[in-house]
1. Please find, among 78, 36, the residue that is at pLDDT below 85 and of a type in the set (Lys, Arg).
2. Any idea which residue in segment 159-195 is farthest from residue 15 (Cα to Cα), counting only those that are of a type in the set (A, V, I, L, M) and exposed (fewer than 14 other Cβ atoms within 10 Å of the Cβ)?
3. Can you work out which of the residues in segment 21-49 that are aromatic (Phe, Trp, Tyr) and part of a loop (DSSP other than H, G, I, E, B) is surrounded by the most Cβ atoms within 10 Å (Cβ to Cβ)?
4. Between a residue in segment 212-238 that is free of Cβ contacts under 8 Å to residues at least 60 places away in the same chain and closer than 27 Å to residue 138 by Cα and any residue that is hydrophobic (A, V, I, L, M, F, W, C) and loosely packed, with under 13 Cβ neighbours inside 10 Å, which pairs come within a Cβ distance under 7 Å, given they are 6 or more apart or on different chains?
5. Take the residues in segment 50-95 that are touching a Ser or Thr at 6+ places or on another chain (Cβ under 6 Å) and among the aliphatic types (A, V, I, L, M); name whichever of them is surrounded by the most Cβ atoms within 10 Å (Cβ to Cβ).
6. Determine whether segment 240-257 contains at least one residue that is surrounded by 15 or more Cβ atoms within 10 Å (Cβ to Cβ) and outside any helix (DSSP H, G or I).
7. Taking residue 234 as the residue in question, decide whether it is over 21 Å from residue 91 (Cβ atoms) and either in contact with a Cys (Cβ under 9 Å, 6 or more places away or on another chain) or crowded, with 17+ Cβ neighbours inside 10 Å (or both).
8. Suppose we filter 137, 152, 148, 177 for residues that are touching a Lys or Arg at 6+ places or on another chain (Cβ under 9 Å), in a helix (DSSP H, G or I), aliphatic (A, V, I, L, M) and modelled with pLDDT of 85 or more; which single one remains?
Amino acid sequence: MPTNPFQFDSSEVIAFILILVRMAGLFLTAPFFSSRNINVTVKASWILLVTFLIFPVIDFEPSTLPGPGLAMGLAVIREVLVGLAIGMGATMLLTGIQMAGQIADTQMGLGLANVIDPMTNTQVSVMGQFYNMVAVLVFLAVDGHHMLIKALVDSFSVIPLGHAQFTPALADRMMNLFSQMFFIAFRVGAPIIGALFITNMALGVVARTVPQMNVFIVGMPLSLGVGLLITASSMSFFVYVMQGIIQGMYRDVVLLIQAMR
């Protein structure tokens, strides 16, 4: 830990660089921070500023820091991967929200109506984009971005600088988060998926009992209307579930960090 904020020795410079690259890895993959809407210069300034703020409170042992040369290069790669893993773990959980919207779009008949997601510059479905935007707003409202930075700061006491271990336990944790992504998609999309399933069953019964009715003409606007109605009426449920997901995100990220020590 630096003793004089205006004088740095070689070990403190090495420690600062390693902290900086771990922070940069987080900002490259974490929700909101990795948005392409944020100017690269602004993003780099954020990384540098946050690193300056947390550097004085991080303890490190100078004797354990890597020296110049190949050891330093390997340590930088390790730190970048630690930051990438933390950010990717959080992103997987929020991706489940967007997946729920894409499933709802398929059942509502909007599966072919795609829009450009400005955060990732990729095509996503209409409801998927809507769910993703609400999720990001809730993420910021409940200080999810602060949770991620706190998790990264806490990671320095668990994973010493330049000594991250990428073991099979890390792969298991990433696979667990990947499976949680589908579980989250089902939880968030359960109201609209259930309502549309019942609607389609009702249309099937009508098609059998009233063959004169053209169910295909009635079914599409009915499914769309029911989907929009359920989406609007279940927003409070969506926000409640989203808050629980973000609060559990810190726990999942901590377990991910512990798998790298």
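1. It is 36.
2. The qualifying residue farthest from residue 15 (Cα to Cα) is 175.
3. Applying the filter and picking the extreme gives 33.
4. none
5. 65
6. Among the residues of segment 240-257, not one is surrounded by 15 or more Cβ atoms within 10 Å (Cβ to Cβ) and outside any helix (DSSP H, G or I), which makes the answer no.
7. Yes: the conditions hold for residue 234.
8. The unique qualifying residue is 152.
The values are calculated or read from the model by the stated rules, or taken from the named source; none is laboratory data. Nothing here was measured: the structure is a model prediction, and the numbers come from that model. FYI the Cβ positions are ideal-geometry reconstructions off the backbone, even for glycines, and counts take in every protein chain you see.
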